[in-house]
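Step one of this worksheet: look at the structure below.
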Amino acid sequence: VFFVGAGISVSAGYPIWGTATKQALDIAASLGLSTGATAYCQEKLDKAAYYELFEILRSELTQPAYYNLAAKVFGGTNVASDIHRRLVRIPSRGIITTNFDECLLSACVLERGGPPISDLPYAMASDHFFVVKPHGSIQAPQSMVLSTSDWKKVIDNDVFKDFLAQIIGTGQLVFWATA
């Protein structure tokens, strides 16, 4: 099982956290984020406190504006890059990703002839290829782990913790790093 993050989708044109967070702050400022909140967000950005910055945006913007901002920053073409396509061709049980984009899904359709299993309990019980996204998906912005309070979703997800323990316990986990 591969565990991959944002670096894998840079090749498909997606931003890494620093760039994405700067874009989010710029969009929020253009939407009328107060001068004080903008300055406070800039302090968080300068300290690379990205989740804290998104927490401020969550509290300062309306819910529709916040999710629209997330879609603008993290949305994209979802076109699989060569890296995505090569990764899904490697014989493996599946992939866990912190990415919000759907590039791995696109790669599975192209390389494996159909979408992967994405439901976590089903992936645990099945021997079919899966792509699990514990940090959410751009297809459901409310599922995305962007802010400090969103981390509670991951911390409290007992099914994911059990799944991860199962994979680690059997020595199946491989971390994939790209830059």
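All of the numbers you see were taken from the coordinates with simple rules; none came from a lab. Note that the structure is a prediction, hence the values are computed from the model and not measured. Please note: Cβ atoms are built from the backbone with ideal geometry, for glycine as well, and neighbour counts cover all protein chains shown.
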Rounded tilt (10° steps) of 103-112 against the dominant C-alpha axis of the chain: 20 degrees
State, in angstrom, two size descriptors of segment 1-75 derived from its alpha carbons: Rg to one decimal place and Dmax to the nearest whole number. 12.9, 45
Would you work out the Kirkwood radius for segment 101-158? I mean one over the mean of 1/r across all pairs of different Cα atoms, in Å. 12.5 Å
Can you give the FRET efficiency to the nearest 0.05 for Val159 and Lys47, using r as the Cβ-Cβ distance and R₀ = 41 Å? 0.80
Please build a GNM for the chain, connecting alpha carbons under 10 Å apart, and tell me which residue among Ser137, Ser30, Ser106 fluctuates the most. Ser30
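Taking only the C-alpha atoms, wrap a convex hull around segment 32-115 and report its volume per residue in Å³ as a whole number. Don't jump to the answer; show the numbers that get you there.
Details: hull volume 10.8 nm³, N = 84.
Normalising the Cα hull of segment 32-115 by residue number yields 128 Å³.
Compute the relative contact order of the chain as a whole-number percentage, counting only Cα pairs closer than 8 Å that sit 6 or more residues apart in sequence.
Details: 252 pairs, mean separation 52.6, N = 179.
RCO, the chain: 29 percent.
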GNM, the chain, Cα, under 10 Å: largest mean-square fluctuation among Ile167, Ile138, Ile95? Ile167
